[in-house]
Structures are given as C-alpha cells and as structure tokens.
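I have placed the structure first, in the form of structure tokens, so that the comments after it can refer back to it.
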Amino acid sequence: MKIIDQIHPPREAGFKEKVINKVVDDLCNSNSYKTVYHRVNHQDVAMPSSDALNEVMELLKSIIFPGYFLNSEITPGNMKFYIGSTLDKAMRIFSEQIKRGFCFFCSGEGEQECIDCDNKATDISLKFIERLSLIRERLATDAEAAFDGDPAAKKIGETIFCYPSIQALTHYRIAHELFLLDVPLIPRMISEMAHSKTGIDIHPGARIGERFFMDHGTGIVIGETSVIGRNVRIYQGVTLGAKSFPVDKEGNPIKGIDRHPIVEDDVIIYSGATILGRVTIGRGAEIGGNLWITNDVEPGSRLAQQKPQRSTFEYGAGI
C-alpha cells in the first residue's frame, strides 16, 4: 500500500454525496437556523442593498461637496442642472432602499401594508431632501474645524477630499437625519459603511453640534445617546460609551435610555480617553490621553494623568 493511501485511505463510492447530504440536513434543521434566519415577508421586496446605498452616498457627496466627488467639472453655470439630475437619481435609489428598510420590519400580512411602506418611503425621501441644505451647512463647519484644528492641512478642500473625519461625519449627518425621520435599518447601514472605511464608529442616534473634528480618528466610538456640543475636538481612540446596562425583570437590557456622555462646547479630548455613562464634560474642559472617566468634569477643567512618583529604590544600591 502506498504511503499516501495510508494517510488518506480511498473513500467508498458515494462518500462525497453522503457528507454533503448530511451537512444540508444539519443546516436545514430549524434548531440550527432559528436565530439567524430572516424570512422576506414581502415576496417581491428584497433586502436593503449595501451596494445601492454606497452609490447613493457617492451621489449625495457630489451634491453636498460639488466638484470634489464623481464630477470635478461642475461650474456655477451647470451646477443647477447637475444637482437636479443627480438628486433625482439619488432619491429614486434612496426611496427604494428606505422602503426595503420598512419592509424588513413589517409583518407583510396584507397588500395595504406594502402600499404603506411604499408611501412612507416616498414621503420620507422628500423630507430628507428638504434637509440637505442643513446637512451641507453642518458639514461645511466640520471641514472648517478640521482645517483650523490641524496645522498639517494646507486648505479646506484637503480636509473634504482626504480626511476620515469628514468622510465619517458625512455618513453620520445623513444617517442622523434619517434616524430622526424614524427610518429603520438604513441609518445604521450608512453609519457602518463609514465605520468599515475609517475605523470611526458613530451611532446615527448621537447628537453632534457644529464644527466637530476627529483628528486622525481611528478607533473613535460615539454611542447612541451621546450629546456633543459645538466646536469639540477629539483624537484617535476616544470612547464615549455606556458604563452599564440596566436590565428588566427578565434580565434583558432596557433600551432607549440615556446612557452615554454629554460633551459640552469647546471641549478637547485627547487620544485613548474613555468616558463612560451619562456624565457631563463641562464647557471648555480638556481631557488628557488615556484617562478613564465615569464622573462629571467641571467646565474649564484640565485633567491629565498623575506623574509617577520617584521610587526610593535606586538601581545598584547596596551592591
């Protein structure tokens, strides 16, 4: 017998089919898939598409920041035509994805419910369009804050085109408006798209004021009920998180309560700081790097790690 046959003995006829059939039976067992299976209630409506939302975000970015994305040849003369045609295309795709978000959660028990999802999606798409000017206004202040807060930036356009802070905030500010319009699923998908690209994790429910800048940005986490004021700057690795999760009588986490920090105007939080719970960081405070904070911080405070005390032991003493 060959050595290879000793290590891998020949299989009986039909062995491959038996293995595949067993795996199929195991995976189709309801006990196996009951927690990970999603059944489409509306047979003619697919799941929301990440590819479609990526396309919408690129279209919206080219509208919010004309000349930077997709079409670099926009001029004041052709801007009205470009924005009108691009917005029309974006909203047709967006409306469909918003409808899919509603259909993901609805029971699909009747034709009227399908019509309701469609009508709600169209209505919300129009309401979202009305907020685009506000979104651009906020993002313009964010770009200015990035330019003012980073000596390495040569012009504001560099922050718009290159900085992860602006990319993450563009996704966040769009997702946040959809969140306020009670759109299910889609806001979280949009924010997670930016998370995967930038390493910045902002929940669409967070409330963030004007002139917000995340320097470097990688590893920043901003929880759902966080409130951030105006002209705040934070650095990489900062966490605005929850300290604990209150549970109900059955031991399940209670949802919808305020559990993340409030950061007032003009605060700076340096890299690696972790701020947990519904605490308030007062206006103008500076939080040093790698601090762990679970209590309120007074306005204007300057917090830093304590310097290590010098040891009384000297290397080589007594030798």
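Quick look at the values:
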quantity: Selection count, segment 81-99, where residues are closer than 23 Å to D116 by Cβ and without any contact (Cβ under 8 Å) to a residue 60 or more places away in the chain; calculated: 7
quantity: Yes/no for P48 being in contact with a helix residue (DSSP H, G or I) (Cβ under 8 Å, 6 or more places away or on another chain) and in a loop (DSSP other than H, G, I, E, B); calculated: yes
quantity: Those residues of segment 191-225 which are within 13 Å of the chain's Cα centre (by Cα), at negative phi and in a loop (DSSP other than H, G, I, E, B), in sequence order; calculated: I200, H203, P204, G205, A206, T218, I220, G223, E224
quantity: Which listed residue is over 24 Å from A153 (Cα atoms), basic (K, R), free of Cβ contacts under 8 Å to residues at least 40 places away in the same chain and buried (at least 17 other Cβ atoms within 10 Å of the Cβ), from R259, R302; calculated: R259
quantity: Qualifying residue in segment 181-188 (condition: under 13 Å from the mean Cα position of the chain (by Cα) and crowded, with 20+ Cβ neighbours inside 10 Å); calculated: yes
quantity: Selected residue (only one of D215, D248 is assigned by TED's automatic domain parsing to the domain that holds A273, charged (D, E, K, R) and touching a strand residue (DSSP E or B) at 6+ places or on another chain (Cβ under 8 Å)); calculated: D215
quantity: Single match in N54, N78, N71 (criterion: surrounded by 11 or more Cβ atoms within 10 Å (Cβ to Cβ) and touching a residue at least 60 places away in the same chain (Cβ under 8 Å)); calculated: N54
quantity: Residues of segment 20-45 that turn out to be in a loop (DSSP other than H, G, I, E, B) and surrounded by fewer than 16 Cβ atoms within 10 Å (Cβ to Cβ), as a count; calculated: 12
quantity: Pair list, Cβ < 7 Å and 6+ apart or interchain, from segment 139-165 residues that are touching a residue at least 24 places away in the same chain (Cβ under 8 Å) to residues that are polar (S, T, N, Q) and outside any helix (DSSP H, G or I); calculated: A145/N231
quantity: Options E137, E177; residue that is touching a Lys or Arg at 6+ places or on another chain (Cβ under 9 Å), surrounded by fewer than 23 Cβ atoms within 10 Å (Cβ to Cβ) and at pLDDT 90 or above; calculated: E177
quantity: Of the criteria (1) in contact with an Asp or Glu (Cβ under 8 Å, 6 or more places away or on another chain); (2) of a type outside the set (D, E); (3) outside any helix (DSSP H, G or I), which one V183 fails; calculated: (1)
quantity: Selection within segment 152-166 - of a type outside the set (S, T, Y) and either under 19 Å from T239 (Cα atoms) or surrounded by fewer than 19 Cβ atoms within 10 Å (Cβ to Cβ) (or both); calculated: A152, A153, K154, K155, I156, G157, E158, F161, C162, P164, I166
quantity: Residue in segment 239-250 that is surrounded by 10 or more Cβ atoms within 10 Å (Cβ to Cβ), at pLDDT below 85 and part of a strand (DSSP E or B) present; calculated: yes
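The values are calculated or read from the model by the stated rules, or taken from the named source; none is laboratory data. If you're wondering where the values come from, they're calculated on a predicted model, not measured in any experiment. Counting neighbours? That spans all protein chains shown, and the Cβs are built from the backbone with ideal geometry, glycine included.
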